[in-house]
Amino acid sequence: MFARPLVRTARAVRCTKRRFASSTASTVSSGFATRAALAAAGAVVVAGTVYTILPQAHADASRVTKSGERIITLEEMGKHWQAGSLWVAIDGKVYDVSEFANTHPGGSRILLENGGRDTTKLFHAIHPPNTIHKYAKEVPCVGVIDPEELAVLASQRNAEDDRIDAARKRLFGVDSVVGISDFERYAKDLLPLHAWAYYSTGADTEGALAENAAIFKRLFFRPRIMRDVHDVDTSTEFLGVKSSIPVYVAPTARNGLGQPEGEVAVTRGAGATGIFQVLSHYASRSLDEVKAAARDGQHIGWQVYLNPDRERSREAIEEAVAAGAHSIWITADTVTLGKRETERRLNAEANPAPHGQPLSRERQRFGFSAHDARMSWDDIAFVRKYAPGLPVVIKGVGAWEDVVLAYKYGADAVVLSNHGGRQLDFAQPPLKVLYDVNKNAPQVLHRKNFNIFVDGSVRHGTDVLKALCLGATAVGLGRPFIYAATGWGSDGVEKAVEILEEEIAIGMQLLGVTRVDQLGPQYLDTSKI
Ligand code: HEM
Ligand SMILES: Cc1cc2nc3c(=O)[nH]c(=O)nc-3n(C[C@H](O)[C@H](O)[C@H](O)COP(=O)(O)O)c2cc1C
């Protein structure tokens, strides 16, 4: 059954011995060879934990349920973990993803890493509810997991569950959070490692990620004094939406990895504080769920990744329009996925392949077959066709020339962004792009029909003010809202906005302005940019 020779299995055998004696779980590596050995020994690994295969469960492999579905034991399941014979279990059902792995929008690697296992928890944290239904033809259901085994699985816990529970017990009240970066510090302990690795990291050397933050430290204010700044108004309006502060929630995928409500918690926090949210194409919750949690009059933008199969994109855009999306945000900086080296390293070190395992010759492109590498400026017209009347925003602009082109092709707004340093490493920081727009294309700044947003490592009210001084309409924050919701759900998001609002108000007063439209380059020293 196992195509790959098992070179080193001592570790797996030790674990199985211990486990068979006690029928409890132990945490091990899930390298391919290890998993092969475990399956051969009648055990299975779920989320890094070895579980006992109950003896009675694999006695009869031909059982069927009352409704005629084949009952599959964990032992049998565990044998289908490699390319060409790849199964995953979700909500008790077993799906054959051997073919689908080649076109899975999340890539084949993640399916190979999780093949032969129950992936229910991870699957739901990543995918909106009706995903399986939509792809039913591509992921044939081959049976159901033995219900007795399923019950055992559900009751098992692993060391990571215990670590997270302990961190939750230590967590204090949200009112004790002082600054935006604190949310990140606390979230690290509260998240499963793979979620922390996914959220926190950047591409390659993380040079772009570091510079996004560093550039703010090279911009200094030129405050003006002796002005009446008693009454300060931090509110603004963009794309026809009123916002309590010039800040919005940038679209981030898979918020459900950190807490069960996922993006819905962010929606409630954004609604309570009056800020705008952009929902990611790869959100863990659907736009319908998010809209159901929104307040009356609360607007939600929807971000799209254009698919090479434009029928899929058309369907997705039309669905978003039907669900009440306020605007469509086309992300243009992700024609392929950046190499997130730190993320891969953290995951690989937590789950290393056994030393001596032969080099895998099944090269898996960690790319996104679901992202169109042929997208062009004409795609603004494509999106408009299926989202008539909605604002269209181009996200991921990294050079001032493309700001001018976006304007020329009729976009309603752009987001200057390098995807939080997760795509092209050393893509210049968005604030530098904005500075270049000031120098080279000031005609596109402050236009009624064209907004310029900025995101990337905005963590203080003063960062927001610096971007606005350079002509940004508003700024997006990504990771901070994920982390705030991880710790405290929607209260965390509310608190994050409250912190920013206070900092923005203080900054405005000390700078000598009372309304955000008074901010301008005259308040900044850019000589060290
Ligand atoms: C078996 C049926 C599955 C189907 C039909 C499916 C479908 C999809 C789709 C449509 C996307 C694109 C996101 C979206 O449009 O919402 C996606 C992304 C993804 N999927 Fe799956 N998937 C399946 C199983 C899995 C499993 C078992 C895992 C992990 C154990 C997984 C991990 C991922 C990841 C990591 C992404 C990328 C999300 C991102 O980068 O933000 N998928 N999948
Ligand atoms: C975990 C994570 C997931 C993201 N997912 C998406 C996405 O699905 N679509 C998108 O356009 N941008 C995505 N981004 C980029 C954000 O929209 C935004 O550009 C970036 O997070 C801003 O930087 P910040 O996190 O430092 O605030 C993601 C960023 C992170 C950190």
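The values are calculated or read from the model by the stated rules, or taken from the named source; none is laboratory data. The shown structure was predicted, so the numbers you read here are calculated from the model rather than taken from an experiment. Don't worry about glycine lacking a Cβ; one is built from the backbone with ideal geometry, like all the others, and counts go over all protein chains shown.
Does Leu150 satisfy the condition of being more than 10 Å from ligand 1 (Cβ to nearest atom) and touching a residue at least 40 places away in the same chain (Cβ under 8 Å)?
When the stated conditions are applied, Leu150 passes them.
In segment 403-453, what residues are farther than 18 Å from Val304 by Cα and in contact with a strand residue (DSSP E or B) (Cβ under 8 Å, 6 or more places away or on another chain)?
Val403, Tyr407, Pro430, Leu431, Val433, Leu434, Val437, Val444, Leu445, Phe450, Asn451, Ile452, listed by residue number.
Which of the residues that make up segment 413-458 are without any contact (Cβ under 8 Å) to a residue 60 or more places away in the chain and aromatic (Phe, Trp, Tyr)?
Matches in segment 413-458: Phe450 only.
Inside segment 86-101, can you point out the residues that are surrounded by fewer than 17 Cβ atoms within 10 Å (Cβ to Cβ) and more than 26 Å from Ala154 (Cβ to Cβ)?
Listed by number, the list holds a single entry, Glu99.
Among the listed residues Leu239, Leu257, which satisfies the condition of being crowded, with 20+ Cβ neighbours inside 10 Å, assigned by TED's automatic domain parsing to the domain that holds Thr334 and on the phi > 0 side of the Ramachandran plot?
Leu239
Can you name the condition, by its number, that Asp204 falls short on among (1) at pLDDT 95 or above; (2) surrounded by fewer than 20 Cβ atoms within 10 Å (Cβ to Cβ); (3) assigned to a helix (DSSP H, G or I); (4) of a type outside the set (A, V, I, L, M)?
Failed condition: (3).
When you check Ala187 against the structure, is it within 16 Å of ligand 2 (Cβ to nearest atom), farther than 27 Å from Ile504 by Cα and not assigned by TED's automatic domain parsing to the domain that holds Leu519, yes or no?
For Ala187, the condition - within 16 Å of ligand 2 (Cβ to nearest atom), farther than 27 Å from Ile504 by Cα and not assigned by TED's automatic domain parsing to the domain that holds Leu519 - is not met.
Could you identify the single residue in Ala159, Ala166, Ala151, Ala125 that is within 16 Å of ligand 2 (Cβ to nearest atom) and either of a type in the set (A, V, I, L, M) or buried (at least 16 other Cβ atoms within 10 Å of the Cβ) (or both)?
After ruling out the rest, the residue left standing is Ala125.
Just one of Lys432, Lys395 is within 24 Å of the chain's Cα centre (by Cα) and either part of a helix (DSSP H, G or I) or in the same structural domain as Pro223 (by TED's automatic domain parsing) (or both); which is it?
Lys395
What are the residues in segment 97-125 that are within 9 Å of ligand 1 (Cβ to nearest atom) and in a strand (DSSP E or B), if any?
Arg117
Please list, ordered by first then second residue, the pairs with beta carbon atoms under 9 Å, 6 or more apart or interchain, first in segment 271-292 and of a type in the set (D, E, K, R), second more than 13 Å from ligand 1 (Cβ to nearest atom) and in a loop (DSSP other than H, G, I, E, B).
Every condition considered, the pairs that remain are Arg285/Glu261; Asp288/Ala323; Asp288/Gly324; Lys291/Gln298; Lys291/Ala323; Lys291/Gly324; Lys291/Ala325.
So, in segment 135-148, exactly how many residues are over 12 Å from Ile72 (Cβ atoms) and buried (at least 16 other Cβ atoms within 10 Å of the Cβ)?
Of the residues in segment 135-148, 2 are over 12 Å from Ile72 (Cβ atoms) and buried (at least 16 other Cβ atoms within 10 Å of the Cβ).
Residue check, Leu468 against (1) under 24 Å from Thr331 (Cα atoms); (2) part of a helix (DSSP H, G or I); (3) under 24 Å from the mean Cα position of the chain (by Cα), all met but one. Which one?
Unmet condition: (3).
Tell me whether segment 148-168 contains one or more residues that are closer than 18 Å to Tyr483 by Cβ and either among the hydroxyl-bearing types (Ser, Thr, Tyr) or outside any helix (DSSP H, G or I) (or both).
no
Of Gly107, Gly179, which residue is touching a residue at least 60 places away in the same chain (Cβ under 8 Å), in contact with a Gly (Cβ under 8 Å, 6 or more places away or on another chain) and within 16 Å of ligand 2 (Cβ to nearest atom)?
Testing whether each residue is touching a residue at least 60 places away in the same chain (Cβ under 8 Å), in contact with a Gly (Cβ under 8 Å, 6 or more places away or on another chain) and within 16 Å of ligand 2 (Cβ to nearest atom) leaves just Gly107.
Can you run down the residue pairs with Cβ atoms below 7 Å, 6 or more apart or on separate chains, where the first is in segment 483-502 and of a type in the set (A, V, I, L, M, F, W, C) and the partner is at pLDDT 95 or above and surrounded by fewer than 20 Cβ atoms within 10 Å (Cβ to Cβ)?
So the pair list comes out as Trp488/Val174; Ile499/Gly179.
Considering segment 263-288 alone, what residues qualify as being touching a Lys or Arg at 6+ places or on another chain (Cβ under 7 Å) and within 12 Å of ligand 2 (Cβ to nearest atom)?
Answer for segment 263-288, where residues must be touching a Lys or Arg at 6+ places or on another chain (Cβ under 7 Å) and within 12 Å of ligand 2 (Cβ to nearest atom): Glu263, Tyr282, Ser284.
When you go through Pro388, Pro358 one by one, which is the residue that is more than 30 Å from Glu343 (Cβ to Cβ) and either in a loop (DSSP other than H, G, I, E, B) or among the aromatic types (Phe, Trp, Tyr) (or both)?
Unique residue meeting the criteria: Pro388.
Scan segment 437-451 and tell me whether some residue there is of a type in the set (Phe, Trp, Tyr) and within 16 Å of ligand 2 (Cβ to nearest atom).
No; the residues of segment 437-451 include none that is of a type in the set (Phe, Trp, Tyr) and within 16 Å of ligand 2 (Cβ to nearest atom).
Of all residues in segment 398-421, which are out of contact with any Leu (no Cβ under 8 Å at 6 or more places or on another chain) and assigned to a strand (DSSP E or B)?
Across segment 398-421, the qualifying residues are Val414, Val415.
I'm trying to understand the selection: among the residues of segment 314-347, which are among the hydroxyl-bearing types (Ser, Thr, Tyr), surrounded by fewer than 18 Cβ atoms within 10 Å (Cβ to Cβ) and farther than 15 Å from His419 by Cα?
Passing the criteria: only Thr342.
Looking at (1) under 28 Å from Ala125 (Cα atoms); (2) among the small types (Gly, Ala, Ser); (3) modelled with pLDDT of 95 or more, find the lone condition where Ala214 falls short.
(1) is the only condition that Ala214 fails.
Looking at segment 177-207 only, could you name the residues that are more than 19 Å from Leu122 (Cβ to Cβ) and aromatic (Phe, Trp, Tyr)?
Phe183, Tyr186, listed by residue number.
Return the residues of segment 90-130 that are among the charged types (D, E, K, R), within 21 Å of Pro308 (Cα to Cα) and at pLDDT below 90; say none if nothing qualifies.
Once the filter is applied, which keeps residues that are among the charged types (D, E, K, R), within 21 Å of Pro308 (Cα to Cα) and at pLDDT below 90, segment 90-130 yields only Arg109.
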